[in-house]
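The values are calculated or read from the model by the stated rules, or taken from the named source; none is laboratory data. None of these values were measured; they are calculated from a predicted model. Glycine gets a Cβ as well: all are built from the backbone with ideal geometry, and neighbour counts include every protein chain shown.
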Amino acid sequence: MGDGAASSVLRVVRPRCRDMPSRKQQDGELACLLSKIDSIYTEACDRLAVRGRPVTLARFHDAGVCIGLLDPVSNIMANTICTSDFRPDLREKVLVGAAVERKLDDLCRRSLEGLVAFLGFSLTSPASAPAFEAALALAAQIAKHPQPERLVRAWMSLSSRLRQVLALLREVQHHSPRENMDRLGQLLDDDPVVPPCLAIPWALAACPPQRIGSIADTPYQHTRSLRMVLLDTIHAFYLQALARLPSGELRSRLHRSLLRAGFCYGLMDDPASNIILNTIWYEANFPEEITPVLDVIGPKSLTRLVSRSFYGLVSFLQTRYHSLSEHQAVQCLVSTCGQLRAADPNFCAPGDEKAQQHR
């Protein structure tokens, strides 16, 4: 691994036939995912202390789906607490042993089905609020939430105050459920519902990647799973870039340069900013006299662009580090959220080079 004469030889990763997993592999992945969701519910149960409160436990099983704008545990807690004010007809009933397990298994599967339904939409900007609202409503219905309309109204109202909601939920173990229910209800009633601020969930979900000591020093996972995770990460970068580009210019001319040269790597630290910069640069240097107006960029075109960025990122790392396998390159990019600057321990932007020369 390292630089030198050998590193000038290109190692280009090219598309291959997509290998579909077997039914056994799909079942195994589903089981692992459900096990992960089950552990999330275990943590939410502990933080809400539902096992000692029959009414709260019933509400938890009824409405505690992990759908929302925060992390899954916080979503479960918020949905349980928000719904409790609006379910006064619930009767106390004690569930024990196998009955509790059956309820929890059902809740895990309902949440998974709701999450899958939600992912059919994109969460990118305030302009996408109607699509997001529809996605949230569909997810709540698929997850069999008892009051899907109430869940949608609650999250649309709380979207601009997610940090307050997080702070409240972190204190849930230090206050009674009733007190937390009342405080969360006050957040819902303080102000009229405003247009949702969907940039806040993006900011809360963003996790600054950490540089790693060795470019391949990450736990092993199957290559196909890693590739899919990285492709999904890159896809999210494009959704963010599309939300930030001016819609009129995007429809009239920038869609052409985006699809031809809007890659997610470049001089900027932020992949979405690289996409925007590359798109504008290509349009400025290679303009087209007549460009058809495009109402929407089709999913196949966007998938093709995501794949090209994927192969570009992996090819860069394998060209620079000849001992690096494709699996290790993808693994490294996944561990750093698809950001090349963090994935390459020897990456040095132009500004950094000047700073190092003065040291």
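Please specify each residue of segment 310-325 satisfying the condition of being more than 11 Å from LEU340 (Cα to Cα) and among the small types (Gly, Ala, Ser). Selection gives SER315, SER323, SER325.
Note on segment 47-62: residues that are out of contact with any Lys or Arg (no Cβ under 7 Å at 6 or more places or on another chain) and within 20 Å of ARG183 (Cα to Cα) total 8.
The selection criterion, being within 25 Å of LEU48 (Cα to Cα), of a type outside the set (Lys, Arg), modelled with pLDDT under 80 and part of a helix (DSSP H, G or I), holds for SER160.
In a residue-by-residue description of segment 51-67, the property of being basic (Lys, Arg), at pLDDT 90 or above and surrounded by fewer than 20 Cβ atoms within 10 Å (Cβ to Cβ) applies to no position.
Does LEU317 qualify as being in contact (Cβ under 8 Å) with a residue 12 or more places away in the chain, under 30 Å from ARG224 (Cβ atoms), surrounded by 15 or more Cβ atoms within 10 Å (Cβ to Cβ) and in contact with a helix residue (DSSP H, G or I) (Cβ under 8 Å, 6 or more places away or on another chain)? Spelling it out, LEU317 is indeed in contact (Cβ under 8 Å) with a residue 12 or more places away in the chain, under 30 Å from ARG224 (Cβ atoms), surrounded by 15 or more Cβ atoms within 10 Å (Cβ to Cβ) and in contact with a helix residue (DSSP H, G or I) (Cβ under 8 Å, 6 or more places away or on another chain). Of the listed requirements (1) part of a helix (DSSP H, G or I); (2) within 25 Å of ARG224 (Cα to Cα); (3) at pLDDT 90 or above, ALA342 misses just one: (3).
Tell me yes or no: at least one residue of segment 285-293 is in a loop (DSSP other than H, G, I, E, B), among the charged types (D, E, K, R) and within 24 Å of VAL12 (Cα to Cα). No, there is no match, as no residue in segment 285-293 is in a loop (DSSP other than H, G, I, E, B), among the charged types (D, E, K, R) and within 24 Å of VAL12 (Cα to Cα).
Condition check for ASN278 on (1) touching a Cys at 6+ places or on another chain (Cβ under 9 Å); (2) closer than 17 Å to LEU231 by Cα: one failure, at (2).
Among residues belonging to segment 144-157 that are of a type in the set (A, V, I, L, M) and in contact with an Asp or Glu (Cβ under 9 Å, 6 or more places away or on another chain), point out the one that is modelled with the lowest pLDDT. So that I can check it myself, show each step before the final result.
Kept after step one, since they are of a type in the set (A, V, I, L, M), are these residues of segment 144-157: 151-152, 154, 156.
Okay, now just the ones that are also in contact with an Asp or Glu (Cβ under 9 Å, 6 or more places away or on another chain), so 152, 156.
Numbers: VAL152: 88, MET156: 84.
This residue is MET156.
Condition check: at pLDDT below 90, within 25 Å of the chain's Cα centre (by Cα), surrounded by 18 or more Cβ atoms within 10 Å (Cβ to Cβ) and assigned by TED's automatic domain parsing to the domain that holds LEU231. Does ALA272 satisfy that? No: the conditions fail for ALA272. Answer yes if at least one residue in segment 22-45 is farther than 24 Å from GLU171 by Cα, under 25 Å from the mean Cα position of the chain (by Cα) and modelled with pLDDT under 75, and no otherwise. No - not one qualifying residue is present in segment 22-45. I'd like to know if segment 278-293 contains one or more residues that are crowded, with 18+ Cβ neighbours inside 10 Å and hydrophobic (A, V, I, L, M, F, W, C). No - not one qualifying residue is present in segment 278-293.
Select, from SER323, SER335, the only residue that is in contact with a Ser or Thr (Cβ under 8 Å, 6 or more places away or on another chain) and modelled with pLDDT under 90. Break it down into steps so the answer makes sense when it comes.
Numbers: SER323 fails: in contact with a Ser or Thr (Cβ under 8 Å, 6 or more places away or on another chain).
None of the others qualify; the one that does is SER335.
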